[in-house]
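Report on the following structure.
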Amino acid sequence: MKLKSGCDAVKKIRGQGSTEYLVILGAVLLVSLVIVSLLGSFPSSSSSTKEQQSKSYWAGTTPFAISTVKISNSTFTSLFQTS
């Protein structure tokens with residue numbers, strides 16, 4: 001009988017350890033999801049920076065540079081300059 005109760009105690013300890021591990025893993029995943037969602041919810045703040053970088057890159061390319069781009073409805077207008 002002692003062996004059986006000893007095995008039960010070992011199983012309880014293992015079960016408790018795995019439960020604690022799963023709780024910690026869940027908490028880490030939850031925090032990670034919150035961080036990713038917060039970082040992903042600010043695309044407007046970085047889009048203007050990317051647009052400005054893209055404009056300055058294409059304005060300085062050679063032999064053709066794109067100086068102006070306009071998109072309205074179904075019309076695409078661009079102005080190219082040669083160096």
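The rows are residues; the columns are (1) at pLDDT below 80; (2) of a type in the set (Phe, Trp, Tyr); (3) over 29 Å from the mean Cα position of the chain (by Cα).
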| position | (1), (2), (3) |
| --- | --- |
| Val28 | no, no, no |
| Val34 | no, no, no |
| Ser46 | yes, no, no |
| Gln53 | no, no, no |
| Thr75 | no, no, yes |
| Thr82 | no, no, yes |
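Kindly indicate whether any position in the stretch 5-22 is at pLDDT 80 or above and acidic (Asp, Glu).
Within the stretch 5-22, one or more residues are at pLDDT 80 or above and acidic (Asp, Glu).
Condition first: surrounded by 10 or more Cβ atoms within 10 Å (Cβ to Cβ), part of a strand (DSSP E or B) and of a type outside the set (Gly, Ala, Ser). Now tell me which residues in the stretch 61-83 satisfy that.
If we filter the stretch 61-83 for residues that are surrounded by 10 or more Cβ atoms within 10 Å (Cβ to Cβ), which is where we start, we get 61, 64-69, 78-81.
Now narrow it down to the ones that are part of a strand (DSSP E or B): 64-69, 78-81.
Listed by number, the residues that qualify are Phe64, Ile66, Thr68, Val69, Leu79, Phe80, Gln81.
The values are calculated or read from the model by the stated rules, or taken from the named source; none is laboratory data. Model, not experiment: these values are computed from the prediction. Backbone-built Cβ (ideal geometry, glycine too); neighbour counts: all protein chains shown.
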